[in-house]
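Engineer: Starting off with a structure, shown below.
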Amino acid sequence: MLKINLCGVDFKNPVFLASGIMGETGSALKRIAKGGAGAVTTKSIGLKPNPGHRNPTIVEVEGGFLNAMGLPNPGVDEYLEEIKKVKDDLDWMNVGVIGSIYGKDEEEFAEVAKKMEKYVDIIELNISCPHAKGYGATIGQNPELSYSVCKAVKKAVKVPVFAKLTPNVTDIVEIAQAVVDAGVDGLVAINTVRGMAIDIKAKKPILANKFGGLSGRAIKPIGIKVVWDLYENFDVPIIGVGGIMTGEDAIEYMMAGASAVQIGSGVYYRGYDIFKKVCDEIISFLKEEDLTLEEIIGIAHE
Ligand code: SIN
């Protein structure tokens, strides 16, 4: 009932793990797969090992979490060893892998993408991390840079390429237009929203990086509006992400135009099996309303 096909790739359900949560190791990805996810998205991986920002890198705030991890990862060569350890198990469980990658420019993105391609079903371009200077949103807030990165990756690999967009821009449609013109197969929206928290006793920002990206319940209406705008303007599949805790949240994203959703902070609130819970809640809704999954995608625009 929940099977979907995105750009020629079949998934058993449309409820995926978002990048950055539990994606550091192969065994963590496997744990999420066991929790019922249709696909798991890796931590954003770069060409070389990166220790990320100093601690504290994450703090719980009203409505979610603020994080500024700084894209920590072991580098693509070592990370691929992690994926290789669990790839057979993930295939056996029929769980897809989305490889999230980042780089400082088009050459670096293309090189990482080529190395990842063999082990993943979709490549997700992180051009949206709000707090890693020279990376992420530095690219994704600039239509020309976004275009050249997406174009280079599209040229380098055969698997579908999705661009993950930042909401921290004046006009998301302008950026999306650039990446769609570059030939991306789909869009992922949204990455975290820039924010800050101050420790009033210490009289300074809590995060070592001073500011970070807000995820969780508080950003769901922002994500819904971005997905709505993307669906109105583009004819490529959209993966919705931002504040999804329940089947009802996922359905809201789908009605705005998302073909699939990703869950990040929700794992903290509802456990590793949030994916199965959300799928069951979507199925109950579809039965109650006598609708199919396909019928609800973008239905709110009619
Ligand atoms: C991080 O690792 O810093 C988070 C990644 C992101 O926000 O894209």
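Engineer: Given a Förster distance of 22 angstrom, what is the FRET efficiency for K48 paired with T138, based on the Cβ-Cβ distance and rounded to 0.05?
Structural biologist: E between K48 and T138, to the nearest 0.05, is 0.80.
Engineer: With runs of 4+ DSSP H residues as the only contributors, calculate the mean residue ellipticity of the chain at 222 nm using -39,500 (n - 2.57) per run, divided by the residue total and rounded to the nearest 500.
Structural biologist: The helix contribution divided over the chain gives -11000 deg cm²/dmol.
Engineer: Listed here are the pairs K115/K158; K114/K151; K87/K277; K84/K277; which of them are more than 21 Å apart at the Cα?
Structural biologist: K87/K277; K84/K277
Engineer: Under a crude label model (7 Å from the Cα following the beta-carbon direction), how far is M93 from E81 in nanometres?
Structural biologist: That separation, rounded to one decimal, is 2.3 nm.
Engineer: Just check the chain against the gyration tensor rule for me: Cα atoms, a ≥ b ≥ c as the square roots of the eigenvalues, rounded for a/c under 1.5, and otherwise prolate or oblate depending on whether a/b exceeds b/c. Each step should come with its number before you reach the end.
Structural biologist: Values: a/c = 1.25, a/b = 1.14, b/c = 1.09.
Rounded.
Engineer: With unit charges on the beta carbons (Lys and Arg positive, Asp and Glu negative) and the dipole taken about the Cα centre of region 115-204, which residue among S128, A189, L165 sits farthest to the positive side?
Structural biologist: Of the options given, the answer is S128.
Engineer: Beyond a 23 Å Cα-Cα separation, which of these cross-linked pairs lie in this structure: K12/K276; K133/K225; K30/K118?
Structural biologist: K133/K225
Engineer: Please compute the modelled spin-label separation between D199 and E24, points set 7 Å along Cα→Cβ, answer in nm with one decimal.
Structural biologist: It works out to 2.0 nm between the two label points.
Engineer: Here is a follow-up. Computed FRET efficiency, Cβ-Cβ of E288 and K118, R0 45 Å: what is it to the nearest 0.05?
Structural biologist: Once the sixth-power term is evaluated, E becomes 0.60.
Engineer: Which order do the peptides 153-161, 51-59, 190-198 come out in when sorted by mean C-beta neighbours inside 10 angstrom, highest first? Walk me through the numbers before you get to the answer.
Structural biologist: Working: 153-161: 18.6, 51-59: 14.1, 190-198: 21.1.
Final packing ranking: 190-198, 153-161, 51-59.
Engineer: Sticking with this one: Using a Gaussian network for the chain with springs between C-alpha atoms less than 10 Å apart, which of these wobbles most: P72, P205, P143?
Structural biologist: Of P72, P205, P143, the Gaussian network model singles out P205 as fluctuating most.
Engineer: If you don't mind, another one. Have a look at A110, A163, A208 and tell me which one the Gaussian network model of the chain (Cα, springs below 10 Å) gives the largest fluctuation.
Structural biologist: Comparing A110, A163, A208 in the GNM, the peak value goes to A208.
Engineer: Another question, then. Estimate the FRET efficiency between I58 and E302 by the formula 1/(1 + (r/R0)^6), using the beta-carbon distance for r and 41 Å for R0, to the nearest 0.05. Display every interim value, and only then the final one.
Structural biologist: Details: r = 40 Å, r/R0 = 0.97.
The formula returns an efficiency of 0.55 here.
Engineer: Any idea what the relative contact order of region 192-274 is, in percent, if you count C-alpha pairs under 8 Å spaced at least 6 apart?
Structural biologist: 25
Engineer: Okay, moving on. With a 1.4 Å probe and every protein chain kept in, tell me what percent of the accessible surface of region 30-97 is carbon plus sulfur.
Structural biologist: Working: 1600 of 3200 Å².
Roughly 50 percent, rounded to a whole number.
Engineer: Going by average Cβ neighbours within 10 Å, how do the peptides 36-47, 122-133 rank, with the highest at the top?
Structural biologist: Highest to lowest by the protection proxy: 36-47, 122-133.
Engineer: Any idea of the accessible area per residue across region 178-291, 1.4 Å probe, to the nearest Å²?
Structural biologist: Accessible surface, normalised per residue, equals 43 Å².
The values are calculated or read from the model by the stated rules, or taken from the named source; none is laboratory data. Fair warning: this is a prediction, and the values are worked out from it, not measured in the lab. A quick note on method: Cβ atoms are made from the backbone with ideal geometry, for glycine too, and the neighbour counts reach across all protein chains shown. For accessibility, only protein heavy atoms count, side chains too; no ligands or nucleic acids. Shrake-Rupley method; radii C 1.70, N 1.55, O 1.52, S 1.80 Å.
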